[in-house]
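See structure below.
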């Protein structure tokens, strides 16, 4: 539904694209405009808000930067609503942290404080489907280890499975705020993992096979604790795992350096 506006309402919002974007943003977030639905034609929105085409276009650009609309080109194109996406937040937070010269150590410290809590809630609240997802991640890791990790491509594949496991841990923990916090750091953590892959695939550097085997063992043990609904032990176990990872990081790289999304 697209209710009309009175002349007084039109005059109040005539001031700028930010106000128009704010109205449309609220309607998308509240579900009054459904994700995937095309917004009305430009001429109709110009009439609704009593604004010019450039002003409306500026409002669309604000919403596009927020990740709430996609402008589709072509004769049959238009402006399509989208649900909020953590990808946009993750990108902005990653850039912000880099501008603030945030260190790798700072990032690992935050992860070590938040993920064990997610692990506790995961064990207490994880669904059957969530547990199956975790087990699949572990099975994928075991399969690639059994096949042999011999190249940088093999290592990168294993690391992608590790990233999936961490994402599944947080997304299935039953706390949306914690899951969103973890998701918002996705770009930064992915950049950190890419640097780690490069460090371990330089000429003359052995692949970290012992580390990989121990990490897979930690991941498997967490799935067992989740299955047993042992939240307290799951939290302790995951804290121990992240300590193990951080210790390994300290041995292989300088974690005082600033994180970078562009290395």
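The values are calculated or read from the model by the stated rules, or taken from the named source; none is laboratory data. Fair warning: this is a prediction, and the values are worked out from it, not measured in the lab. When we count neighbours, we look across all protein chains shown, and the Cβ atoms used for this are built from the backbone with ideal geometry, even at glycine.
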Residue 102 within 30 Å of residue 259 (Cβ to Cβ) and not assigned by TED's automatic domain parsing to the domain that holds residue 163: no
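Let's see how each residue does on (1) at pLDDT 90 or above; (2) assigned to a loop (DSSP other than H, G, I, E, B); (3) outside the structural domain of residue 18 (by TED's automatic domain parsing):
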site	(1), (2), (3)
40	yes, yes, no
43	yes, no, no
54	yes, no, no
60	yes, no, no
64	yes, no, no
71	no, no, no
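Each row is one residue, and each column tells you yes or no for (1) more than 20 Å from residue 244 (Cβ to Cβ); (2) modelled with pLDDT under 95.
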{"residue": "113", "(1), (2)": "no, yes"}
{"residue": "117", "(1), (2)": "no, no"}
{"residue": "122", "(1), (2)": "no, no"}
{"residue": "127", "(1), (2)": "yes, no"}
{"residue": "136", "(1), (2)": "yes, no"}
{"residue": "157", "(1), (2)": "yes, no"}
{"residue": "162", "(1), (2)": "no, no"}
{"residue": "168", "(1), (2)": "no, no"}
Hey, residue 222 surrounded by fewer than 17 Cβ atoms within 10 Å (Cβ to Cβ), over 18 Å from residue 106 (Cβ atoms) and in the same structural domain as residue 112 (by TED's automatic domain parsing) or not: no
Under 9 Å by Cβ, and 6 or more places apart or on different chains, what pairs join a residue from the range 23-38 that is touching a residue at least 12 places away in the same chain (Cβ under 8 Å) with one that is loosely packed, with under 14 Cβ neighbours inside 10 Å and part of a helix (DSSP H, G or I)? 32/26
